[in-house]
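The values are calculated or read from the model by the stated rules, or taken from the named source; none is laboratory data. Keep in mind it's a predicted model, so treat the numbers as computed, not measured. With ideal geometry, Cβ positions are generated from the backbone for all residues, glycine too; neighbour counts draw on all protein chains shown. To get the accessible areas, we keep the full protein, side chains included, count just its heavy atoms, and leave off ligands, DNA and RNA. Shrake-Rupley method; radii C 1.70, N 1.55, O 1.52, S 1.80 Å.
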Amino acid sequence: MNNQIFGEEELKRMFTHDARGIEPNAAVRERLEYAYLLKSRNYKTTQNSFLGVFTWLFSWSHLPAKVAVVSLFLMISVINFQPKNQQLIMPGSDTTLNNVPLRIDTSGMFPLFADSCLNVKS
Amino acid sequence: MTALINGDRLAFSELYERYNRRLFYFFYRMLGSDDDVANDFLQDLFLKIIQKPELYKPGHKFSGWIFSVAHNMCKNEYRRREVRKHVQSEENPDQYAQATYYETADEKENLIAEVFNELELLDESQRSILILKYKENFSLKEIAEILDLPVGTIKSRLHYARLELSKRIANKESLKQDSYE
């Protein structure tokens, strides 16, 4: 070893080499896992909830992104609009059946002896 | 950490798996290469995380935070040892000599053993900087955050630590050569 200062790479190599075989006792892990188990009994169990998602959804945060997504959705919906055949039938009156609208059926409207067949004086 | 707070055992296992060797090595080299002491400190550190996970502030890098906790534990231990030293007012002068000499067959291995023996004799702050930089590959900025010191100080201490270590090894080598002659 000369009077030169140790190089960075040399020191890194030495530390890596030195760390080999220096390992903690396995019992430490067991003790810690047991301690964690005891501690975790006191932790609250949190249920899965959609609250967070809905809070984000209806908040003002990331508004441009939300608007962009909704616009895209609407645009795709409009482009993909394909009406079915039934939707082409236009509502209208069938004139073959209804030639004279609002026609008064006078056959049944002969009150007060209007029916001349029954009102035969002769 | 969030999963750990919610009681996820797997999250704890993963956290331990990720950091146990790194932190053990840190404690081992910072606290006199004592297996038992390093095991105790590792256990204490993880117990702190289990008992008070809220100590970790989510905005920070976890690895930096956990090493800063480890470093503070070492500092407290040094203080405790200092107090004890004063109280007992007697120390075995061969303590370091006994601990430092470690002979291996391979010359390279021997050099590494010597380097790490000398590392233990360095100043605590120099030692921690060397470990964090060359073993943990933290950047100077991260080390500065862990040790709560300015980056400039870290830079200069790192330089002097390397210089000091190199000098000590060079002196040892020259002493050896003198004894052979």
A:GLY21 vs. criteria modelled with pLDDT under 85, under 15 Å from the mean Cα position of the chain (by Cα) and either assigned to a helix (DSSP H, G or I) or within 14 Å of chain B (Cβ to nearest Cβ) (or both)
no
With a cut-off of at least 3 residues that are among the acidic types (Asp, Glu) and at pLDDT 90 or above, name the helices (runs of 4 or more DSSP H) lying wholly within region B:28-115.
B:35-51
Can you tell me which residue within region B:21-36, out of those that are surrounded by fewer than 19 Cβ atoms within 10 Å (Cβ to Cβ) and within 20 Å of A:ALA35 (Cβ to Cβ), is nearest to the other protein chains (Cβ to nearest Cβ)?
B:ARG21
Check off (1) without any contact (Cβ under 8 Å) to a residue 40 or more places away in the chain; (2) open to solvent by 20 Å² or more (accessible area, probe 1.4 Å); (3) among the hydroxyl-bearing types (Ser, Thr, Tyr) for B:TYR16 and give me the number that stays unchecked.
(2)
Of the residues in region A:2-18 that are open to solvent by 80 Å² or more (accessible area, probe 1.4 Å) and in contact with a Ser or Thr (Cβ under 8 Å, 6 or more places away or on another chain), the one that is farthest from the other protein chains (Cβ to nearest Cβ) is A:GLN4
Which number in (1) open to solvent by 100 Å² or more (accessible area, probe 1.4 Å); (2) modelled with pLDDT under 85 marks the one condition that A:HIS62 misses?
(2)
